[in-house]
Amino acid sequence: MIARLGLFDSGIGGFTVLNKVVERHGDVHCLYLGDTARVPYGEKQASEIRLIAKEIAHWFLCEDVSAILVACNTTNSLAFDVVQKVANIPIIGLINAAAELITESKVGVLATSATASSNAYKNQIEAFRPGTIVFEQACPAFVPLIEAGQMCSNSINRFAVEYLTPLLDAGVEVVVLGCSHYPLLQPFLQEIIPKHIRLVDPAIGLAQKLDRLLGTPKTTLQSPFSISNTRFCVTSNPIDFAAKAAHLLGVCPEVDLVSLRPKACFF
Ligand code: DGL
């Protein structure tokens, strides 16, 4: 019996994962952590991402969650094992969930620099479907622009063309949104990508994987988006985060400022 799911990202990207989880699993209770003091993760060194992941996993254990959803691909790529080692509870990630959604033989992945250079998507997809060719494209400009609320800007459009062109030139048949912030750009990306190329949101696979813990839902698609069972925490700027949540989720939640420093339960 899963009482409460812990879900984390560097910032607002995890909303896209929470959205898919709530769409599929309705009234599930979640604890959302946005590590806003350290966003973006995608340009950090692996060693720092691993330290952050360890700190967050400990924090979730102190908060008594019964499973952790790693709603950040960068952490999935470089520190999934760290979270697993710290927390002896179910840990569910995006990358292996995405790999199971792929049926095409030429795959493009848009991701942060850290995720792209880790080759985590390439390795997972090729392990799941040998013979698949995977092209990974780093998109360093996206997360700062999304966090700054510039989702419909000319800059986003310019960078989207720049990042997608090598994948389209390579003849990919599907593009994976390999950073949880990127589904927020889906409408703009869809305008650039030819109609026959599929866009994949790994969060759909993650929400399906949750069936193993929560059971297969009888009905799906909760609309409008319901966050009444979610507590939101951040490591800086709760007011700013609440405003972004109001814009993206349509409801202005209470947001708690938390410290991730180890608590007495471990020391
Ligand atoms: N949304 C996260 C990811 O999926 C982190 C992005 C960032 O902070 O750079 O990779």
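Throughout, read-outs are computed from the coordinates displayed, never taken from laboratory work. Please read all numbers here as calculations on a predicted model, not as lab measurements. All Cβ positions, glycine included, derive from the backbone under ideal geometry; neighbour counts span all protein chains shown.
Values as computed for the structure displayed
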quantity: Candidate set from region 107-128 (those that are within 12 Å of the ligand (Cβ to nearest atom) and part of a helix (DSSP H, G or I)); member that is nearest to I197 (Cα to Cα); calculated: Y121
quantity: Residue satisfying all of: in region 2-12; in a loop (DSSP other than H, G, I, E, B) and in contact with a helix residue (DSSP H, G or I) (Cβ under 7 Å, 6 or more places away or on another chain); farthest from N229 (Cα to Cα) among these; calculated: G11
quantity: Candidates C72, C30 - the one that is under 18 Å from A207 (Cβ atoms), in contact with a strand residue (DSSP E or B) (Cβ under 6 Å, 6 or more places away or on another chain), away from the ligand (no atom under 16 Å from the Cβ) and not polar (S, T, N, Q); calculated: C30
quantity: Test: K54 is under 24 Å from N237 (Cβ atoms), more than 9 Å from the ligand (Cβ to nearest atom) and basic (K, R); calculated: yes
quantity: Hits in region 130-146 - residues which are within 16 Å of the ligand (Cβ to nearest atom), outside any loop (DSSP other than H, G, I, E, B) and not charged (D, E, K, R); calculated: Q137, A138, F142, V143, P144, L145, I146
quantity: Hits in region 158-198 (condition: within 16 Å of the ligand (Cβ to nearest atom) and surrounded by fewer than 17 Cβ atoms within 10 Å (Cβ to Cβ)); calculated: Q186
quantity: Which numbered condition L5 misses (of (1) over 28 Å from Y163 (Cα atoms); (2) within 16 Å of the ligand (Cβ to nearest atom); (3) crowded, with 21+ Cβ neighbours inside 10 Å); calculated: (2)
quantity: Sole exception among (1) within 30 Å of D64 (Cβ to Cβ); (2) over 17 Å from the mean Cα position of the chain (by Cα) for L210, by number; calculated: (2)
quantity: Helices (runs of 4 or more DSSP H) (entirely within region 40-105) containing at least 2 residues that are without any contact (Cβ under 8 Å) to a residue 24 or more places away in the chain; calculated: 46-62, 73-86
quantity: Residue match in region 50-71 (condition: under 27 Å from F128 (Cβ atoms) and of a type in the set (F, W, Y)); calculated: no
quantity: Selection status of A67, within 15 Å of the ligand (Cβ to nearest atom) and either of a type outside the set (D, E) or farther than 15 Å from L206 by Cβ (or both); calculated: no
quantity: Within region 147-157, considering residues that are within 16 Å of the ligand (Cβ to nearest atom) and in a helix (DSSP H, G or I), the one nearest to the chain's Cα centre (by Cα); calculated: E147
